[in-house]
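The values are calculated or read from the model by the stated rules, or taken from the named source; none is laboratory data. Not measured: the values here are computed from a predicted model. Cβ: placed from backbone, ideal geometry, glycine included. Neighbour counts: every protein chain shown.
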């Protein structure tokens, strides 16, 4: 593995005349490219007929990259099985709940459980690994491309799901109990009656549907690990990754991430000027989520290079500085490699209007020049930044099981688990507070504040861990719809928030799912704010109220509470307050825990800190379309301009700076 930050591109040599390869690669090198991704959609070119392999073209292009000191990441091509495979073995193709087959012609037309797919995938991956597993020009592998939930209902998935359930529950009677199938006369008397959820109604048994999601996560993990095991027979030093995309996914990112050496993400920040008040903050969350998959730095396998299109009407052109700024945002958040999609816009196929760095004319324009500036900067600064780390004191706990369980059963009009996480994360980002987004079961030792939005499905162990964290001096912030379900997706048979009742010091008498309506809340200072989505009506059982509802029949009852637990505190937010109140609440918690924050950051400005033994590196980014002035707490040396920055820094739209500040002064 190359121990440096790298900027590169996604390249499709099979889509271009081979006479262009050498010129393209030389131009990449001159632009500062040090890494490329190849071959994720090239199965038919590598294996044009069953077990007839043609790698000469790939040998040639990898050799050209090696001659130009550009490293290669190879992809396993299983996202696009060739037509000979789907024609001869139609079991490769997924079938949806209505019985319709996903035919070849786009991509992703493969069932993770298909025996034929597994056989031919193992065969070509084995051939690739033999050939390139110790190739000095190949530094890593990407498995498949952009996993998503297929909800496949083919005969093989039906049989495999039943086997998975037999292994989990052993007997039909235990399955009936775990799923509560007595409802609607749904009890099974024989294993053969148990199938995948034909018909696809989202209103089927919620325990059943959650298990079907868990089954798919397990099968995707198996599909992933089988490919990894094949590669590892011949590759010991190359990294293995997968490029997740489009958050929030229905995947269990943490489960799939366990098999990877490093997690990756495909990052396309929105270029629409109307999205600029929210998009940079949503992007910041996506990057923190990706870093949390492995709890370490990650890669970007696809980064915006121009206006996306083809899957939807084309986006707005990226504003000058946009491409550079958002790549630096990804790097600041922990991306050690960033590959831009794509080198040149396609002239053939369905993605012709998803812009690359260079247009089909092959004439470099402003996007290419901006990318070249970026690549040169990263290459120059990599030695200083590559080993820097984060020292975050705040974490948000995120659960894919919670997300799926609440997707299965609506909670209220407008309720969205991930959007609620966004709201809390956005406040932290606006206050300049670094945050890790981690799975519910991750260690909490390094943190002072843990935010746990809507911990809907929860067990006693998790509840005890959060209580112990508070006992030791930490602050836990819980929100409404916590402690509702047990792991089998049954509603808990006690007052909410269930297992969290003791630590929160409250119980929920009833609730009002207000959805898009609003409710007024008043805090201790007599200030009034609005809230929406949900209102838990709580009874104090040791906690004290710090804000109260002002409307409806429960006017005057607690809306936000605080309970002292050992050396720490547990807050319970019984509704979803507006941004003004969330900012005030998070500021209060930061003060109590002596967590540094900046109340004066201009809108659109993000500040990220990274450290080594001697210095703090301060990334200051203006991700907006207006000029800003950012006050500086400590003077620093600009790594980009080689100038000293004293009391403030002025940034034009999408401009940034990186300050080196000795720890003795910062």
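Evaluate the stretch 120-128: report whether one residue or more is touching a strand residue (DSSP E or B) at 6+ places or on another chain (Cβ under 6 Å), over 18 Å from residue 488 (Cα atoms) and buried (at least 18 other Cβ atoms within 10 Å of the Cβ). The answer is no, given that none of the residues of the stretch 120-128 is touching a strand residue (DSSP E or B) at 6+ places or on another chain (Cβ under 6 Å), over 18 Å from residue 488 (Cα atoms) and buried (at least 18 other Cβ atoms within 10 Å of the Cβ). Being assigned by TED's automatic domain parsing to the domain that holds residue 448, assigned to a loop (DSSP other than H, G, I, E, B), free of Cβ contacts under 8 Å to residues at least 40 places away in the same chain and touching a strand residue (DSSP E or B) at 6+ places or on another chain (Cβ under 7 Å) is the requirement here; does residue 473 meet it? Considered against the rule, which asks whether it is assigned by TED's automatic domain parsing to the domain that holds residue 448, assigned to a loop (DSSP other than H, G, I, E, B), free of Cβ contacts under 8 Å to residues at least 40 places away in the same chain and touching a strand residue (DSSP E or B) at 6+ places or on another chain (Cβ under 7 Å), residue 473 comes out as no.
Taking the stretch 526-559 as the range and being part of a loop (DSSP other than H, G, I, E, B), on the phi < 0 side of the Ramachandran plot and in contact with a strand residue (DSSP E or B) (Cβ under 8 Å, 6 or more places away or on another chain) as the test, the residues that pass are 541, 543, 550, 551, 554, 555, 557.
The residue list 179, 141, 148 contains one member that is within 23 Å of the chain's Cα centre (by Cα), buried (at least 18 other Cβ atoms within 10 Å of the Cβ) and modelled with pLDDT of 95 or more, which is 141.
Condition (residue is in a loop (DSSP other than H, G, I, E, B), modelled with pLDDT of 95 or more, surrounded by fewer than 17 Cβ atoms within 10 Å (Cβ to Cβ) and outside the structural domain of residue 115 (by TED's automatic domain parsing)) applied to the stretch 163-173: is it met by at least one residue?
For the stretch 163-173, residues in a loop (DSSP other than H, G, I, E, B), modelled with pLDDT of 95 or more, surrounded by fewer than 17 Cβ atoms within 10 Å (Cβ to Cβ) and outside the structural domain of residue 115 (by TED's automatic domain parsing): present.
When the strands (runs of 3 or more DSSP E) confined to the stretch 581-637 are screened for residues that are closer than 20 Å to residue 332 by Cα and touching a residue at least 40 places away in the same chain (Cβ under 8 Å), those reaching at least 3 such residues are found at 605-611, 615-622.
Taken over the stretch 253-267, the criterion of being part of a loop (DSSP other than H, G, I, E, B) and either surrounded by fewer than 19 Cβ atoms within 10 Å (Cβ to Cβ) or under 10 Å from the mean Cα position of the chain (by Cα) (or both) is satisfied by 258, 259, 261, 263.
Please work out which residue is nearest to residue 379 (Cα to Cα), limiting yourself to the stretch 302-347 and to residues that are in a loop (DSSP other than H, G, I, E, B) and under 16 Å from the mean Cα position of the chain (by Cα).
Here is the first cut: in the stretch 302-347, the residues in a loop (DSSP other than H, G, I, E, B) are 305-321, 333-334, 342-343, 345-347.
After this cut, where a residue has to be under 16 Å from the mean Cα position of the chain (by Cα) as well, the list is 333-334.
Values: 333: 17, 334: 16 Å.
The residue in question is 334.
In the stretch 398-419, the count of residues that are within 20 Å of the chain's Cα centre (by Cα), farther than 28 Å from residue 13 by Cβ, buried (at least 18 other Cβ atoms within 10 Å of the Cβ) and free of Cβ contacts under 8 Å to residues at least 60 places away in the same chain is one or more.
Flag: residue 22 does not match the condition of being under 19 Å from residue 375 (Cα atoms) and more than 31 Å from the chain's Cα centre (by Cα). Checked against (1) within 21 Å of residue 604 (Cα to Cα); (2) buried (at least 17 other Cβ atoms within 10 Å of the Cβ); (3) within 32 Å of the chain's Cα centre (by Cα), residue 660 meets all criteria but (1).
Would you mind stating whether residue 55 is over 19 Å from residue 107 (Cα atoms), out of contact with any strand residue (DSSP E or B) (no Cβ under 7 Å at 6 or more places or on another chain) and surrounded by fewer than 22 Cβ atoms within 10 Å (Cβ to Cβ)? Yes: the conditions hold for residue 55. Taken over the stretch 58-98, the criterion of being in contact with a strand residue (DSSP E or B) (Cβ under 9 Å, 6 or more places away or on another chain) and more than 22 Å from residue 117 (Cα to Cα) is satisfied by 58, 61, 62, 65, 66, 70, 71, 72, 73.
Checked against (1) more than 16 Å from residue 622 (Cβ to Cβ); (2) out of contact with any strand residue (DSSP E or B) (no Cβ under 9 Å at 6 or more places or on another chain), residue 319 passes all but condition (1). Out of 284, 325, one residue alone is in contact with a helix residue (DSSP H, G or I) (Cβ under 6 Å, 6 or more places away or on another chain) and either without any contact (Cβ under 8 Å) to a residue 60 or more places away in the chain or more than 24 Å from residue 38 (Cα to Cα) (or both). It is 284.
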